[in-house]
Amino acid sequence: MNFNVGIKSISIGSHAKKVYEELDAIRPKHISFSLMLAITADEYVKNHRRGLVKLDEFSTENVSAKVPNFFGDVESWIGYIRTIDGDERKRFQQRLLQLQTIMENKE
């Protein structure tokens with residue numbers, strides 16, 4: 001992509017629309033939306049270089065699409081847990097332990 005040109009256009013799908021609306025809602029009004037996108041990208045790049053964030057961990061290739069929303073209703077979680085196999089159950093338990101450790105260290 002040539003960044004020497006001053007104007008770029010982006011595609012805004014249904015998921016992206018929600019994200020951009022949320023970004024616009026928290027954007028300080030003295031900052032343009034395009035500058036806010038740059039600030040957001042800069043924050044991601046800095047965290048990604050340090051290994052704190054990995055975009056591919058959120059792709060559907062690595063995360064089952066059947067995993068309920070984190071704060072979704074409990075019935076969805078019960079249904080999900082009943083359907084997972086042994087390997088996925090182990091991965092799920094490991095992630096629960098990681099989250100519990102994080103929470104305990106923050107207190």
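Read-outs: derived from the displayed coordinates by stated rules, not from any lab. Keep in mind that this is a model prediction, so the values were computed, not measured. Glycine also receives a Cβ, built like all others from the backbone with ideal geometry; neighbour counts cover every protein chain displayed.
Here the stretch 66-106 is treated as a sphere whose radius is the Kirkwood value from Cα pairs; by Stokes-Einstein at 25 °C and 0.890 mPa s it diffuses with a coefficient of 220 µm²/s. Estimated from the Cβ-Cβ distance and a Förster radius of 41 angstrom, the FRET efficiency linking Ile84 and Glu21 is about 0.80. Starting from the Cα of Lys46, draw a straight line to each of the lysines and keep only those under 27 Å, dropping any in the same chain fewer than 8 residues away. Cross-link targets: Lys8, Lys17, Lys18, Lys29, Lys54, Lys106.
Under the classification rounded if a/c is under 1.5, otherwise prolate if a/b is larger than b/c and oblate if not, where does the stretch 1-44 fall, given a ≥ b ≥ c as square roots of the Cα gyration tensor eigenvalues? In terms of gyration-tensor shape, oblate.
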